[in-house]
Amino acid sequence: MSKVDSKNNHTFTNIVTADIDILMPIETACHSHPWTKKTLLSCIGGRYFGKQLSERTAASNNQGTIGFYIGEYIAGEVTLMDICVLPSEQGKGFGKILLTRFLAQAKEFGATKIFLEVRAKNIAAQMLYMNAGFIEINRRTGYYPSSSGFGYEDAIVMSLTY
């Protein structure tokens, strides 16, 4: 697996309703309990914002969507609602690229505080967020259905203040 190189082979585009059929397979592949199509559609427009990340492949000039994020902006605060990278592309730096763009967009909105929730067992995501400056501020006991189908898993609430 090669890390994302410094050459700009990737592009961001705003998420629009027409993108749902591209994003749903990524959402489904990334989560044991993915959002429904209806939920994803409800998070486009209004107080929600999002970008999809595409990369130009070396073999062709085609762009392929490899990940996306969705955020919510309300009264100076932003919440990262969802962030996904195709499992085949994870571990290559795309999560960091998406998070960096999300944080830049939050700053453009004038947000002073950013929140997110992450599964307690998702250590890779927690490390990504901590490396970006997020700190744990709370824990929601039994928040997520367990990925094994039995019981529930805690959510760690994290925040970043500008």
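May I ask you to list the residues in region 126-162 that are over 20 Å from Thr28 (Cα atoms), among the hydrophobic types (A, V, I, L, M, F, W, C), in a strand (DSSP E or B) and in contact (Cβ under 8 Å) with a residue 24 or more places away in the chain?
Result: Ile135, Ile156, Val157, Met158, Leu160.
Please go through region 1-44 and give me each residue that is surrounded by 14 or more Cβ atoms within 10 Å (Cβ to Cβ), over 28 Å from Tyr144 (Cβ atoms) and modelled with pLDDT under 95, ordered by number.
Matches in region 1-44: Val4, His10.
So, in region 136-149, how many residues would count as being exposed (fewer than 13 other Cβ atoms within 10 Å of the Cβ), of a type outside the set (S, T, N, Q) and farther than 21 Å from Ala75 by Cα?
Final tally of qualifying residues: 3.
Could you tell me how many of the residues in region 82-106 are in a helix (DSSP H, G or I) and of a type in the set (Asp, Glu)?
Total satisfying the criteria: 1.
Matching residues to (1) of a type in the set (A, V, I, L, M, F, W, C); (2) farther than 25 Å from Thr161 by Cα:
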{"position": "Glu27", "(1), (2)": "no, yes"}
{"position": "Lys37", "(1), (2)": "no, yes"}
{"position": "Ser42", "(1), (2)": "no, yes"}
{"position": "Gly45", "(1), (2)": "no, no"}
{"position": "Ser54", "(1), (2)": "no, yes"}
{"position": "Cys84", "(1), (2)": "yes, no"}
{"position": "Ser88", "(1), (2)": "no, yes"}
{"position": "Gly91", "(1), (2)": "no, yes"}
{"position": "Gly95", "(1), (2)": "no, no"}
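So which residues in region 50-88 are buried (at least 18 other Cβ atoms within 10 Å of the Cβ), of a type in the set (Asp, Glu) and modelled with pLDDT of 95 or more, if there are any at all?
Asp82 - this is the single residue of region 50-88 that is buried (at least 18 other Cβ atoms within 10 Å of the Cβ), of a type in the set (Asp, Glu) and modelled with pLDDT of 95 or more.
One residue is enough: does region 79-90 have a residue meeting the conditions within 16 Å of Thr11 (Cβ to Cβ) and among the hydroxyl-bearing types (Ser, Thr, Tyr)?
Looking for residues that are within 16 Å of Thr11 (Cβ to Cβ) and among the hydroxyl-bearing types (Ser, Thr, Tyr), one finds none in region 79-90, hence no.
Kindly list, by first and then second residue, each pair from a residue in region 63-81 that is over 16 Å from Lys92 (Cβ atoms) to a residue that is charged (D, E, K, R) and not in a strand (DSSP E or B), limited to pairs with Cβ atoms under 6 Å and residues at least 6 apart or on different chains.
Close Cβ pairs (under 6 Å, with a partner that is charged (D, E, K, R) and not in a strand (DSSP E or B)) amount to Glu72/Arg47; Tyr73/Arg47; Ile74/Arg47.
I'd like the full set of residues that are assigned to a helix (DSSP H, G or I), charged (D, E, K, R) and either in contact with a Ser or Thr (Cβ under 8 Å, 6 or more places away or on another chain) or farther than 20 Å from Ser88 by Cα (or both), limited to region 20-61.
Residues of region 20-61 that are assigned to a helix (DSSP H, G or I), as a first pass: 20-30, 37-42.
Pick out the ones that are also charged (D, E, K, R) and you get 21, 27, 37-38.
Within region 20-61, Lys37, Lys38 qualify.
Give region 102-123 a look and list any residue that's touching a residue at least 12 places away in the same chain (Cβ under 8 Å) and surrounded by fewer than 12 Cβ atoms within 10 Å (Cβ to Cβ), or say none. Full working, then the answer.
Just the residues of region 102-123 that are touching a residue at least 12 places away in the same chain (Cβ under 8 Å), to begin with: 102-103, 105-107, 109-121.
Gly110, the sole residue that qualifies.
Restricting to region 82-101, and then to whatever is of a type in the set (Gly, Ala, Ser) and in contact (Cβ under 8 Å) with a residue 12 or more places away in the chain, can you tell me which residue is nearest to Asp21 (Cα to Cα)? Lay out the reasoning, then the answer.
Looking only at region 82-101, we keep the residues that are of a type in the set (Gly, Ala, Ser), and these are 88, 91, 93, 95.
In the following step, the residues that additionally are in contact (Cβ under 8 Å) with a residue 12 or more places away in the chain were identified as 91, 93, 95.
Numbers: Gly91: 24, Gly93: 24, Gly95: 21 Å.
The qualifying residue nearest to Asp21 (Cα to Cα) is Gly95.
The values are calculated or read from the model by the stated rules, or taken from the named source; none is laboratory data. Small disclaimer: the values here were computed from a predicted structure and weren't measured. Using ideal geometry, Cβ is built from the backbone for each residue, glycine included, and neighbour counts are taken over all protein chains shown.
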